[in-house]
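Just so you know, all these numbers are worked out from the coordinates, no wet-lab data involved. Remember, it's a predicted structure, so these values are computed and weren't measured experimentally. When we count neighbours, we look across all protein chains shown, and the Cβ atoms used for this are built from the backbone with ideal geometry, even at glycine.
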Amino acid sequence: MSTSEHSGGRGGGAAFGPPALVLLILAAGAASWAREARALWDDKLEAFVAHSVTRDDNVFRISGDSDPVSVLGAPSKADKVKTTSVGLNLDMPLSRQRILGGLSFSTNRYDRFTVLDFTERHARAGWQWQVGSDLSGRLAYTNDHALASLANVQGGVQSGTPNPLETQKTVLDATYRVTPRWHLRGEVSRIEQENELAERQANDIRNDGAGLALFYVTPAETRIGLDLQRQDGELPNAQLVNGSPVDNSYRQDRVAVVFDWTLSGRSRLRASAGRVERSFVQLPQRNHATRIFHADYEWRPTGKLTLVAAAQRDIAAPDEVNAGVNIGFVLVKGIALRPAYRMTEKVSVSGLLDYSDREYLGDPGLAMGTVPPRSDRVRTAALAIAYQPIRAVRLGLGVRRETRSSTAAAADYDADVVSLSARLAF
């Protein structure tokens, strides 16, 4: 399978003409307009342009045992991608309300694997609202159009054809102070994902969620409460298993005790523990119930150093994992450490150490005995250095190491990624 031919008009880049020229024109126009509008908007509107160069030594995340010539039609798994972005951000207080928004386009151009050339779009809008002293909430919407991950494919079968993924998320929540100590919170949400590739459209989903939580809040702002959530996932495109269509729609119920405790001025603990149950419309032997927990401990020993330690066991949200042809859900068990150090007013360093064990469950092929169970172990180490000589300019250097071992054949991989970036705001 060759991946070195250009994708032409597929995806997004070609619709904008020569991307670099168009983005430069847009950036110049946005910068000029932003400067003229600065007095009117009082710095509530930001325009920016950014550029990065990234070298990835395993773009398609293929196994170390695989020959790139036979799998990719190329002598090397590595490539360099140049990304140019332009966008606007809005943060506008209106009395006790706050309006938030953003729109950006990022064009990605590869030196070798030009089939992956693509222009991403990211849009967001939000309203943080307040009514009186006791009722507040937010209405938020995001829309992202980008290529789906090349790593999350069952059995290590990688595709040289890009899969544009459209993800929309809408959330409305409200919190009411029943008394100064008791707070009631409700939420409704919808997540929609659409895959452009026909072979991935069995993963298309509309997930409608609703939640209700009751908290007790102490004078020190420590919170403890009970959180109830329900999700209804509708997958409109049946999956064919041995020639038979299978409806992968499901219902998921979650109950958890939640806790938020500021131990001191330097540390904070946020945690939840409970149970989740998922039941499927078809093939009930796939139904699954398990305990869940999340814990995040934040420690600030000095004004410059922050350490966050996190642990979790939970079913991944549909907008967090697009598992390619692996229908079902992913049970994630993991730990992470995220340090950050501000060396000076202009230089900061951040890192990540992450380990996760991912079990792929709920696939109808598992229940029917046509596919073997799969579990992955993913390890990530990353380091980023940022330099901000003036408020409007930000330079960055990032390095990242990813490894995955898997029970699925040829699903293991190693990848080293290095990137340089620059951002200019107006």
| Near the amide H of Val371, under 5 Å away, which other amide H atoms are found, from residues 5 or more places off or on another chain, if H is placed in the peptide plane? | Leu366
| request: Convert each backbone phi in segment 382-389 into a coupling constant with the Karplus relation 6.51 cos²θ - 1.76 cosθ + 1.60 (shift: θ = phi - 60°), then list the ³J(HN,Hα) values in order as whole Hz, x for Gly and Pro. | output: 9, 9, 9, 10, 10, 10, 10, x
| Reduced Cα scattering model of segment 304-426, Debye log10 I(q)/I(0), q = 0.11, 0.18, 0.22 Å⁻¹ | -0.54, -1.02, -1.24
| message | If I stretch the segment between Ala409 and Lys44 completely, what's the gain in nm (0.36 nm per residue apart, minus their alpha carbon distance), one decimal? | response | 126.2 nm
| task | Report the relative contact order of segment 47-167, percent, no decimals, based on alpha-carbon pairs under 8 angstrom and at least 6 residues apart. | result | 20
| said: Taking θ = phi - 60°, what integer Hz values does the Karplus form 6.51 cos²θ - 1.76 cosθ + 1.60 yield along segment 216-226, in sequence order, with x for Gly and Pro? | reply: 10, 10, 7, x, 8, 6, 6, 10, 9, x, 10
| field | Contour excess over end-to-end distance, with Cα ends at Leu103 and Ala422 and 0.36 nm allotted per residue | value | 113.0 nm
| task | May I ask you to sort Val115, Val393 by Cβ crowding, counting other Cβ atoms within 10 Å and putting the fewest first? | result | Val393, Val115
| task | Give the long-range amide H neighbours of Asn287: residues separated by 5 or more places, or on another chain, with amide H under 5 Å away, using H modelled in the peptide plane at 1.01 Å from N. | result | Phe280
| How many percent of all Cα-Cα pairs in segment 238-298 sit more than 20 Å apart? | 51
| query | When the helix-only estimate is applied to the chain (DSSP H runs of n ≥ 4, each -39,500 (n - 2.57), divided by the residue count), what is the mean residue ellipticity at 222 nm, nearest 500 deg cm²/dmol? | reply | -2500 deg cm²/dmol
| query | Within the chain, what's the longest stretch lacking GluC sites (Glu not before Pro) that sit in DSSP loops with no more than 12 other Cβ atoms inside 10 Å? | reply | 6-220
| note | Stretched fully, the stretch from Ala220 through Leu337 gains (0.36 nm per residue minus C-alpha distance, one decimal, in nm) 39.4 nm
| request: List the residues whose amide H sits under 5 Å from the amide H of Arg112, counting only those 5 or more places along or on another chain, with H placed 1.01 Å from N in the peptide plane. | output: Lys80
| said: Just to check I understand the Karplus step: with θ = phi - 60° and J = 6.51 cos²θ - 1.76 cosθ + 1.60, what whole-Hz values come out for segment 363-378, glycine and proline as x? | reply: 5, x, x, 5, 5, 8, x, 9, 10, x, x, 10, 9, 10, 10, 10
| message | I'd like to know which of Thr370, Pro68, Val178 lies farthest towards the positive end of the charge dipole of the chain, counting +1 on Cβ of Lys and Arg and -1 on Cβ of Asp and Glu. | response | Val178
| field | Unit charges on C-beta of K, R, D, E only; dipole of segment 191-254, Debye | value | 320
| Percentage, to the nearest whole number, of Cα pairs in segment 41-161 over 17 Å apart | 68
| query | Evaluated at 20 °C with a viscosity of 1.002 mPa s, what Stokes-Einstein diffusion coefficient in µm²/s does the chain have when Rh comes from the Kirkwood expression over alpha-carbon pairs? | reply | 89
| field | Residues Lys346 and Asn89, FRET efficiency given R0 of 22 Å [Cβ-Cβ distance, rounded to 0.05] | value | 0.55
| query | Hey, what did the chain get for relative contact order, percent, Cα under 8 Å, at least 6 apart? | reply | 12
| field | Where the Cα pairs of segment 247-363 fall when distances are cut into 5 Å bins, in % | value | 2, 10, 16, 17, 16, 12, 10, 7, 5, 3, 1, 0
| task | Mind pulling the per residue volume of the convex hull built on the Cα atoms of segment 341-407? Å³ is fine. | result | 113
